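Worksheet: one structure, shown below.
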Amino acid sequence: MCSDLSIVFPDGLAHGAESLMWCVARGVLPGPAAFWGEDVPFLMGEAILLGAMGYYLVAWLLVGVDGQKAAGVPKQEPPAGYSPAALRYLWSIEDCPIGVDDGAFTTAVVGLAAKGVVAIEQNGSTFHLHDLGLGSLELLPDEAVVYHALFNAPASRGDMARESLTLGSSAPRDKCDAAIAGLHAHLHASLKRGRGYQAKNRVWVWIGVLISLLGAGFLNMDPAVLEGRTATDGVESSGEIASGLDVQWVGRVVAGVGLALLWALVIFLLHGSFVMLRRRDMEPGLGLGGIGLVFAGLLVKMTLEIYTGAGFLRIAAWMLCGYALNARGMHLLKRFSARGRMVQDHIEGLQIYMQEGRKGASARGMNLEHHDQLLPYAVALGRARQWSGQFKEVLAQRQDAGTPSAGFRGDLEGPGVGSALAVNGKFHEALMASCSPPPPGGWN
């Protein structure tokens, strides 16, 4: 017999099971529906979405944790065989390779100057490129593409430079355009947009997306948040497709998943617009935002007719949470391959080394040769100003003494070389003014 929640099984397990069913049937014990009623804090759809969070945590522990990260002292040199432009191509921001941007071309030219093949000369606001010749030097493939595009008839080392380019609007655009196009093609062909450097684990992500859609489907059509005959009619008409099944259950899932996809579309459009506007892509950002606002208005109008006021806010909060969960899960489940982890260790180590105050420079004895050697990698990884700042005193001494530098001349012999050559610095602006505008959407 049953008394409140106390259960007595006097005649063995089989008779006890019958007694348990009798208690549930009489309402002494709660049935499954009680766990999704008004007295519990979470609806069924919310519980499934919480389960999706747990799934992503387990998936991250199984396939997303990067266990190959190097331990010990950070790397202080570039990986062998990777040019500055190649490292910039693979430099991951939010685990998405930058690819070919306008900074890659700037990095490649600075790399040629660091090797003494090309000289960059700054006189005030004017920049010149001088061909110094290859001689016996061997360039990396992407560097050779840029060099031969800029100087079709390279001079022999030791001879007077036979060709010079003055950067700006009057520069020969065909040379710079050919250099960018060749660099673009070579990096894409050799590095394949970072494939082979990362594992994206898409199957695991899709499982999480499907779990989230199922939870959103239940949540969007849960009776606790619905209001009015419009919602009831919609659920019942959707459920008529399931002959012989629970009409309400199937109808809620079908209609709810459709609404979840509409929520996801609206959030995606508005989020994409925000990202583009942050990147100063004003026209596509405003266009995408306008489309998103139109769909958002239609969605709000429709959902306010079928949800209570509190229900609408509850649904909106969970839809935002679900979108963020899957977007973040897609990011967290990416991991580097062994080769990608090696390159990333060098990138991270160089960035730390180049911005740690005077420690790096002191350890190398304020060696200007070392400064010039790593300057292209500092430009590639966004650390040019910090790197040259470590050598400010000796760079000033070199400028005052008039000591020549093979690849950096004029105003670039002093402490301002890092700021001038940085991506978005004066040299970068002069170099971009010498090229045709990038195609819509950039070079990727």
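Brief remarks follow.
To keep it simple, each residue is scored yes or no on (1) at negative phi; (2) within 23 Å of the chain's Cα centre (by Cα); (3) without any contact (Cβ under 8 Å) to a residue 12 or more places away in the chain.
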{"residue": "Pro97", "(1), (2), (3)": "yes, yes, no"}
{"residue": "Asp102", "(1), (2), (3)": "yes, yes, no"}
{"residue": "Leu112", "(1), (2), (3)": "yes, no, no"}
{"residue": "Gln122", "(1), (2), (3)": "yes, no, no"}
{"residue": "Gly133", "(1), (2), (3)": "no, no, no"}
{"residue": "Glu138", "(1), (2), (3)": "yes, no, yes"}
{"residue": "Ala144", "(1), (2), (3)": "yes, no, yes"}
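- Of the residues in the range 370-387, at least one is buried (at least 24 other Cβ atoms within 10 Å of the Cβ), touching a Gly at 6+ places or on another chain (Cβ under 6 Å) and under 14 Å from Thr106 (Cβ atoms).
- Any hit, the range 172-194, residues being surrounded by 14 or more Cβ atoms within 10 Å (Cβ to Cβ), farther than 27 Å from Leu90 by Cα, of a type outside the set (A, V, I, L, M, F, W, C) and modelled with pLDDT under 90: no
- Checked against (1) touching an Asp or Glu at 6+ places or on another chain (Cβ under 7 Å); (2) farther than 28 Å from Lys175 by Cα; (3) modelled with pLDDT of 85 or more, His331 passes all but a single condition, namely (3).
- Selection count where residues are at pLDDT 90 or above and either closer than 17 Å to Ala338 by Cα or in a loop (DSSP other than H, G, I, E, B) (or both), scope the range 66-84: 6
- Of all the numbered requirements in (1) of a type in the set (Ser, Thr, Tyr); (2) assigned to a loop (DSSP other than H, G, I, E, B); (3) at pLDDT 85 or above, Ser212 misses one, and that requirement is (2).
- Among the residues of the range 309-331, those that are more than 20 Å from the chain's Cα centre (by Cα) and among the hydrophobic types (A, V, I, L, M, F, W, C) comprise Ala310, Phe312, Leu313, Ile315, Ala316, Ala317, Trp318, Met319.
- All positions within the range 42-65 that are at pLDDT below 85, more than 21 Å from Asn201 (Cβ to Cβ) and either of a type in the set (Gly, Ala, Ser) or surrounded by fewer than 15 Cβ atoms within 10 Å (Cβ to Cβ) (or both): Phe42
- Scanning the range 131-146 for residues that are among the small types (Gly, Ala, Ser) and over 17 Å from Leu165 (Cα atoms) gives Gly135, Ser136, Ala144.
- Residue match in the range 325-338 (condition: outside the structural domain of Pro97 (by TED's automatic domain parsing), basic (Lys, Arg) and either surrounded by fewer than 18 Cβ atoms within 10 Å (Cβ to Cβ) or closer than 26 Å to Ala255 by Cα (or both)): yes
- Residue count, the range 289-305 (criterion: surrounded by 14 or more Cβ atoms within 10 Å (Cβ to Cβ) and among the β-branched types (Val, Ile, Thr)): 2
- The numbered conditions (1) surrounded by fewer than 17 Cβ atoms within 10 Å (Cβ to Cβ); (2) part of a loop (DSSP other than H, G, I, E, B) are all true for Val423 except (1).
- Failed condition for Met354, given (1) in contact with a Lys or Arg (Cβ under 8 Å, 6 or more places away or on another chain); (2) closer than 30 Å to Leu61 by Cβ: (2)
- Selection over the range 365-413 of residues that are touching a strand residue (DSSP E or B) at 6+ places or on another chain (Cβ under 6 Å) and either in a loop (DSSP other than H, G, I, E, B) or of a type in the set (S, T, N, Q) (or both) gives a count of 1.
- Candidate set: the range 273-288, residues that are over 24 Å from Ala260 (Cβ atoms), in contact (Cβ under 8 Å) with a residue 12 or more places away in the chain and aliphatic (A, V, I, L, M); chosen: the one surrounded by the fewest Cβ atoms within 10 Å (Cβ to Cβ): Leu286
The values are calculated or read from the model by the stated rules, or taken from the named source; none is laboratory data. All values derive from a computational prediction rather than experimental measurement. Because the Cβ atoms are built from the backbone with ideal geometry, glycine has one as well, and the counts that use them run over all protein chains shown.
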